[in-house]
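Bear in mind these aren't lab numbers, they're just calculated from the coordinates by the rules spelled out. Since the structure is predicted, the reported quantities are computational estimates derived from the model, not experimental observations. Here the Cβ is made from the backbone with ideal geometry for all residues, glycine too, and neighbour counts use every protein chain on show.
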Amino acid sequence: MEIEQKGGKKEVYRVDYVMGGNWKQLFLTTLPDGEIKILPLSWLVEGQKWNLNHYWPSVIYQEKCMGCHVTGLKIRRRGKKWITSFEELGVGCEACHGPGDKHIEAPPEKKFQTIINPARIPNARIASMVCGACHSRGETPDGRYRYPLHYLPGQSFDFIFVLKPIVYPDGSPKANYQQYTDWLKSGHYRAGVMCWDCHEVHSKGRANRFQTKLPGSRLCRECHLVVNKGVHGIHSVNNCVGCHMPLVARRGLVRDIHSHQFRVVPPSWTLKIGSFEKQPNSCNACHYHRNDSPERLQKILDYAREGLNY
């Protein structure tokens with residue numbers, strides 16, 4: 001990738017790694033001191049277009065991202081030089097199940113005792129941290145790393161990672177990978193519904209690229225009876241995801257990430273804050289209603305809740 005520096009000088013950087021693929025692709029280069037940098041041009045898969053990002057040249061990949069994109073990361077510093085190694089490029093088995101040496105060596109009757117299975121961890125919050133270690137925003141207590149460095153599945157990251165979600169005024173997610181902090185605020189958390197109850201973690205994209213066990217609202221209806229009264233009565237398609245998991249956060253395109261708080265964000269929040277950009281809502285986030293005024297949409301919801309015809 002050729003980059004024009006200040007003063008007009010051009011330099012060519014080798015692309016050593018490509019990060020991502022389902023949503024967007026970031027291109028990485030390794031500098032002479034071992035720092036891995038995210039190059040300034042990225043590819044948005046869904047939008048099929050190139051995008052300039054703000055990562056270059058300040059973001060060091062080892063500090064901000066790498067722990068969630070490789071397995072078995074080890075980072076050392078020798079003077080000003082970075083010494084970086086990893087067991088596997090990508091999210092492998094040990095990223096979620098912990099070290100597997102004893103598991104491989106164990107006889108068949110002890111296989112289950114020598115590996116971490118998040119679904120068998122009795123404490124729901126500790127179990128969910130296996131997913132939350134990467135699906136949340138925050139930093140280590142010293143502010144250096146944006147992921148829980150040295151975290152191992154089955155442990156708690158409460159003392160090595162400080163959650164710092166980026167949210168809208170109503171608490172909805174504003175940026176990517178905050179599903180864990182969303183879930184902690186949800187009724188699913190209080191009811192004990194875990195990430196893997198909805199998502200298929202081993203069969204990539206079996207239903208869709210979200211890796212859900214069933215597509216769309218079919219998954220919701222496995223547990224929730226379809227309700228056709230009040231607000232639900234005005235949506236003939238009963239699109240659970242559209243209203244209860246609105247597209248409000250951003251990954252590559254504007255608002256292409258679903259909220260995982262599983263609650264409707266009414267237009268009244270947009271009216272309270274002043275604009276859809278500062279506070280999106282479920283109704284205007286739907287492409288059918290993107291041009292409708294929040295005032296009108298809130299009025300419809302109020303009438304529906306009161307059981308009146310509109």
Exercise for the section: Please list 55-63, 152-160 highest first by mean number of surrounding beta-carbon atoms within 10 Å per residue. Expected result: 55-63, 152-160
Exercise for the section: Would you work out the charge dipole size for the range 19-140 about its Cα centre, treating the Cβ of every Lys and Arg as +1 and the Cβ of every Asp and Glu as -1, and quote it to the nearest 20 debye? Expected result: 300 debye
Problem - Sum of side-chain charges, Gly143 neighbourhood, beta-carbon under 15 Å (Lys, Arg +1; Asp, Glu -1) - result: +2
Practice task
Rank by packing, highest mean first: peptides 178-186, 12-20, with packing defined as the count of other Cβ atoms within 10 Å averaged across residues.
Solution key: 178-186, 12-20
Problem - Shape call, the range 1-91: gyration tensor on alpha carbons, a/c limit 1.5 - result: oblate
Problem - Computed [θ] at 222 nm, deg cm²/dmol, the chain (DSSP H ≥ 4; -39,500 (n - 2.57); rounded to nearest 500) - result: -5000 deg cm²/dmol
Problem - Taking His260, His135, His97, His224 and counting other C-beta atoms within 10 Å, the order from fewest to most - result: His224, His97, His135, His260
Exercise for the section: Taking a cut-off of 16 Å between Cα atoms, list the lysines near Lys74, but don't count ones fewer than 8 places away on the same chain. Expected result: Lys64
Fill in the blank from the handout: Row for the range 179-305, column shape: gyration tensor on C-alpha, a ≥ b ≥ c, rounded if a/c < 1.5 i.e. under 1.5, prolate if a/b over b/c, else oblate; value prolate
Exercise for the section: Give me the angle, in degrees from 0 to 90, between the Cα long axis of helix 294-305 and the longest principal axis of the Cα atoms of the chain, rounded to the nearest 10. Expected result: 60 degrees
Completion exercise
Going fewest to most other Cβ atoms within 10 Å around each Cβ, Ile234, Ile115 line up as Ile234, Ile115
Completion exercise
Computed for the range 6-75: size of charge dipole around the Cα centre, +1 on C-beta of each Lys and Arg, -1 on C-beta of each Asp and Glu, debye to nearest 20, value 200 debye
Exercise for the section: Could you work out the relative contact order of the chain, using alpha carbon pairs under 8 angstrom and six or more residues apart, expressed as a whole percent? Expected result: 10 percent
Practice task
Quick one: grab the alpha carbon gyration tensor of the range 69-181, order the square roots of its eigenvalues as a ≥ b ≥ c, and give me rounded if a/c is under 1.5, else prolate or oblate depending on whether a/b is larger than b/c.
Solution key: oblate
Completion exercise
Options (1) 58, 46, 44; (2) 71, 66, 34; (3) 56, 47, 35 for Cα extents along the principal axes in Å; the value derived from the coordinates is listed as (2)
